[in-house]
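For reference, the structure discussed in these notes is given below.
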Amino acid sequence: MKKLIAAAVASSMTAFAMADISITGDAKYEYDLTDSNGTKTTTANTEAHINFTGKSGDTTYVAKFQLVDNGAGTSGGDFDLEDNYITTSVAGIGIKAGDYASSNAALAGEIEDGGRSHGKVTMSYKLGDVNLYAGNGGSSSSNFGADKGINNNMFAGASTTVNGQTIHVKKNSDERDSFGIKGSVGGVNYRYEAIDDNGAASTITAGEADYVELSTTVSGLTVQYARLDADNATLLTEADSAVFAIEAGGISGSTGQDQIAISTTVDGNKVTLKNGSVEKALSSNTKDQDYTQLSVSRALSSGATAVVTYTDKDLATGDHQNLEIELNVAF
């Protein structure tokens, strides 16, 4: 009996020792002061992301939670399970299954929203220098209207790198195809992405859209030019990218924008200036919206990062000014 008990204890201790569980995340506090044509308002918001990761061999489980409190008490709070998926591999094929969204860095990420969905599956395989993948977008897809079943939500793609240039092609769905290429030539980084949609989904009008990005760094000064252009506004659905200060995809009727960004580091402070224009954003889509944004961030000795952002943009009549003070931390 003693041997059986010892064996059981040893077995449980081994299982515990082999467990690989980690918790990471980030949190931020935001304070906003807005002056819109002389009308001043203030808001405050606290947001956090908690990520749980469990590993066993080549299999990983990920759960990502979002907690938001806009200062209105329990009635204004929000708690969401954003991502909930498993990754593993079978016979050299990588499998990702569950609830998740494509990142902004994915192909056509500045044009279309990632489209988090339920029951999504992606399978990937490396064939020589070519990365192949295919999957199903799940039970819903915000980019292509109402769910039409497994065929409409199927996607497939391939990417490879040739002489330092990455080429990517993708069949997003029955309605949409996309292409992308990025790399560097003569010290200038470039990125080009394009989509072609046949307009079969109820919320999309047929047409094409593309994104162009050029950047270079000289003597510690980074200069970036970015442009977004679409045949019609329904093709643009990304409203939360890291590139643009104001998103054309978040403005109904806008068909694109262009922006110049300059960034550098001064005495430990990262300073970024963005100046651009959103096409057809004002006066019932007949007038462009110009904007300027200045952002300064600094890593603090406490482990947090302080960010101060000032944005000035045109309105149909007058202008809109916003001052945002943010304190964030990653763990």
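Quick notes
- Each residue in the stretch 214-237 was checked for being in a strand (DSSP E or B) and free of Cβ contacts under 8 Å to residues at least 60 places away in the same chain, and 12 of them qualify.
- Only one entry in S302, S277 is under 30 Å from V212 (Cα atoms) and among the polar types (S, T, N, Q), namely S277.
- Within the stretch 276-307, the residues that satisfy the criterion of being hydrophobic (A, V, I, L, M, F, W, C) and under 17 Å from V243 (Cα atoms) are V278, L294, V296, V307.
- Those residues of the stretch 270-295 which are of a type in the set (D, E) and surrounded by 20 or more Cβ atoms within 10 Å (Cβ to Cβ), in sequence order: E279
- Some residue of the stretch 229-249 being closer than 16 Å to A281 by Cβ and surrounded by fewer than 17 Cβ atoms within 10 Å (Cβ to Cβ): yes
- In the stretch 255-312, residue farthest from T237 (Cα to Cα) [restricted to those that are small (G, A, S) and touching a helix residue (DSSP H, G or I) at 6+ places or on another chain (Cβ under 9 Å)]: A281
- Across the stretch 213-228, the qualifying residues are those that are aliphatic (A, V, I, L, M) and more than 20 Å from the chain's Cα centre (by Cα), and the one among them that is surrounded by the most Cβ atoms within 10 Å (Cβ to Cβ) is V223.
- D240 vs. criteria touching a residue at least 24 places away in the same chain (Cβ under 8 Å), touching a strand residue (DSSP E or B) at 6+ places or on another chain (Cβ under 6 Å) and at negative phi: no
- So S117, is it surrounded by 13 or more Cβ atoms within 10 Å (Cβ to Cβ), over 11 Å from the mean Cα position of the chain (by Cα) and at pLDDT 95 or above: no
Here's the yes/no breakdown for (1) closer than 14 Å to G164 by Cα; (2) among the aliphatic types (A, V, I, L, M); (3) modelled with pLDDT under 95:
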position: V188; (1), (2), (3): yes, yes, no
position: A201; (1), (2), (3): no, yes, yes
position: I204; (1), (2), (3): no, yes, yes
position: L214; (1), (2), (3): no, yes, no
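- Listing of strands (runs of 3 or more DSSP E) fully contained in the stretch 151-205 that carry 3 or more residues being of a type in the set (S, T, N, Q) and under 19 Å from L127 (Cβ atoms): 154-162
- Candidates A248, A330 - the one that is in contact with a strand residue (DSSP E or B) (Cβ under 9 Å, 6 or more places away or on another chain), in contact (Cβ under 8 Å) with a residue 12 or more places away in the chain and under 25 Å from E112 (Cβ atoms): A248
- So S254, is it surrounded by 15 or more Cβ atoms within 10 Å (Cβ to Cβ) and modelled with pLDDT under 95: yes
The values are calculated or read from the model by the stated rules, or taken from the named source; none is laboratory data. Everything quoted here is computed from the prediction, not taken from an experiment. Glycine also receives a Cβ, built like all others from the backbone with ideal geometry; neighbour counts cover every protein chain displayed.
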